[in-house]
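The values are calculated or read from the model by the stated rules, or taken from the named source; none is laboratory data. Treat the numbers as computed from the prediction; the structure is a model and nothing was measured. As a convention, Cβ positions derive from the backbone with ideal geometry for all residues, glycine included, and neighbour counts pool all protein chains shown. Heavy atoms of the whole protein, side chains included, go into the accessibility calculation; ligands, DNA and RNA do not. Shrake-Rupley method; radii C 1.70, N 1.55, O 1.52, S 1.80 Å.
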Amino acid sequence: MQLPDPGLAARSLRAVWHPCTQMKHHERIPLLPIARGQGAWLYDTEGRRYLDGISSWWVNLFGHAHPAINAAVADQLGTLEHVMLAGCTHAPAVMLAERLSALTGGALGHAFFASDGASAVEIALKMSFHFWRNRGQAAKRDFVCIDNGYHGETLGALAVTDVALFRDAYGPLLRHAHRAPSPDARLAAPGESAADAAARALAGVARLFEARAGQLAAIIVEPLVQCAAGMAMHDPSYLRGLRELCDAYGVHLIADEIAVGFGRTGTFFAHEQAGIRPDFLCLSKGISGGYLPLSVVLSTDDIHDAFYADETARGFLHSHSYTGNPLACRAALATLDLFETTDAIARNRARFDALEQALGALASHPRVTHLRRRGAILAFDVDDRARPGQPGFAQRYARHALAAGALLRPIGHTVYLMPPYILDDEEIAQLASATMIALEQTLHAS
Ligand SMILES: *Cc1c(COP(=O)(O)O)cnc(C)c1O
């Protein structure tokens, strides 16, 4: 391997078009050249290290360069790197499909694989529409999404996304979707509970379903935490209410657990906390432990059976070249093993209680509101005045956090922590301390 190149960042800005970035901003914001990762830490080309406080965009679960996942991928490399999944199959895809199905208690027993989160969302939307069409109800062709929801950047996923910055430029390209109110607990009026805010949002869904059920295929929701909205959290009763409304009006429930699945909310899947199952479950991000692009849509027998017929055209004729890639599936199987061998869900309770405690001072901080936590996701909002001519809060905070030794990327005025599941006591203290130092520096440094 080549030695770290001090000019790597400059070369990257010339040759690589970076995602979710106004490239010109890198005239004043340095690009961080990463040479390697180990455990919860990322090391830059100068040898400085940063605690990965956001799991490299919510994908990493058990740390970087985990020996067990490394070994599984390396073993698969010497066996079968890839084969198409149309007409062929392989053990890693079969085993992963079986284990994911078992994790839903067998309720969602049919796994359709793809590569990225957005492609899983596209698949769920297309499958839902095609299900109704195969059942002779082609008029059910509209989708409902939630205010401030996020489902990815491809055109179909963006059409059910409500983040203005990502969406507005492409508005003319997007198919209309109906929007229902957000159940965000922060919208509770004084004296109201999170459940009250959820009930009000459900009333909005009920009105929409009442008026339009005959033309609705599905509603898509991020269970428990709308992450891209700024870690907007809601009461589980919202999901129970949605399940009842979907059953009553014949509308599919698509759970997008791309960010919140795999233990992030404190249970393996977020929807478990509501005691319900969706009709479609979209998974990605943590599925491969943060190693390789992999996504999957799990669906019920009822959905699968509507496509099962002699005619080719009644089948789901969707594909991606790398569907069910064996290397990615092996990384996923090794990740599932780690949930068992490390008892991750149970141990995370104590670990993230400790992180919350270490940040206890935030609860009474005069500039902090809505300190909140759901499982392994912790967030708070910061009251910060705009500073003309200076970068916004999120960019300034991220810079101070790096200087304090943590990779953090606030969303707007929301700071959040979503680290891998492996922090020891010292790393918890380091992450909490970097979070607090960065906050004070951002608020008080000129
Ligand atoms: C990240 C994300 C997606 C899109 O996944 P990609 O792999 O980035 O395409 C979709 N839905 C949710 C809830 C996400 O957080």
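Could you work out which residue, out of D116, D162, D301, moves most in a Gaussian network model of the chain, that is, has the largest mean-square fluctuation with Cα springs under 10 Å? It is D301. Charges were assigned to the Cβ only: +1 to each Lys and Arg, -1 to each Asp and Glu. The resulting dipole of the chain about its Cα centre is roughly 1040 debye.
Here segment 4-57 is treated as a Stokes sphere of Kirkwood radius computed over C-alpha pairs; at 4 °C and 1.567 mPa s its diffusion coefficient rounds to 106 µm²/s. Amide H contacts of T45 (H built 1.01 Å from N, in plane; Pro and chain starts excluded): A35 sit under 5 Å, all sequence-distant by 5 or more or on other chains.
Quick one: net charge of N148's neighbours, Cβ under 12 Å, K/R +1, D/E -1? Charge balance in the 12 Å sphere: -1. Accessible area per residue was computed with a 1.4 Å probe on protein heavy atoms; V296 scores about 0 Å². In the chain, which helices (entire DSSP H runs) extend 24 Å or more along their own long axis, judged by Cα positions, while averaging at least 0.0 on the Kyte-Doolittle scale? Span-like helices, by this rule, are 117-134, 194-212, 425-444.
Accessible-area rank, largest first, for K24, K140: K24, K140, with all protein chains present and a 1.4 angstrom probe. With the Kirkwood sum run over all distinct C-alpha pairs, segment 160-236 has a hydrodynamic radius of 13.9 Å. Here the relative contact order of segment 240-349, from alpha carbon pairs under 8 Å that lie six or more residues apart, stands at 22 percent.
The distance linking segment 171-213 with segment 369-446 is 29 Å (Cα centroid to Cα centroid, whole angstrom).
Percent of C-alpha pairs per 5 Å bin in segment 125-178, short distances first: 4, 21, 28, 20, 13, 9, 4, 1.
Between segment 67-88 and segment 22-43, the C-alpha centres lie 29 angstrom from each other. Calculated translational diffusion coefficient of segment 239-346 (4 °C, 1.567 mPa s; Stokes-Einstein with Kirkwood radius over alpha-carbon pairs) equals 83 µm²/s.
Taken over the alpha carbons of the chain as equal point scatterers, the Debye sum produces base-10 log I(q)/I(0) values at 0.06, 0.08 Å⁻¹ of -0.26, -0.47.
Over segment 368-446, the Kirkwood radius and the radius of gyration, each from Cα atoms, give a ratio Rg/Rh of 0.97. Translational diffusion coefficient of segment 19-120 (Stokes-Einstein, Kirkwood radius from Cα pairs, 10 °C, 1.306 mPa s): 92 µm²/s. Normalised by the number of residues in the chain, the mean separation of alpha-carbon contacts (under 8 Å, six or more apart) gives a relative contact order of 20 percent.
Taking the helices alone, the chain has a mean residue ellipticity at 222 nm of -11500 deg cm²/dmol, built from -39,500 (n - 2.57) per DSSP H run of at least 4 residues and averaged over all its residues.
The three principal axes of the Cα atoms in segment 65-147 give end-to-end lengths of 49, 35, 25 Å, sorted in falling order.
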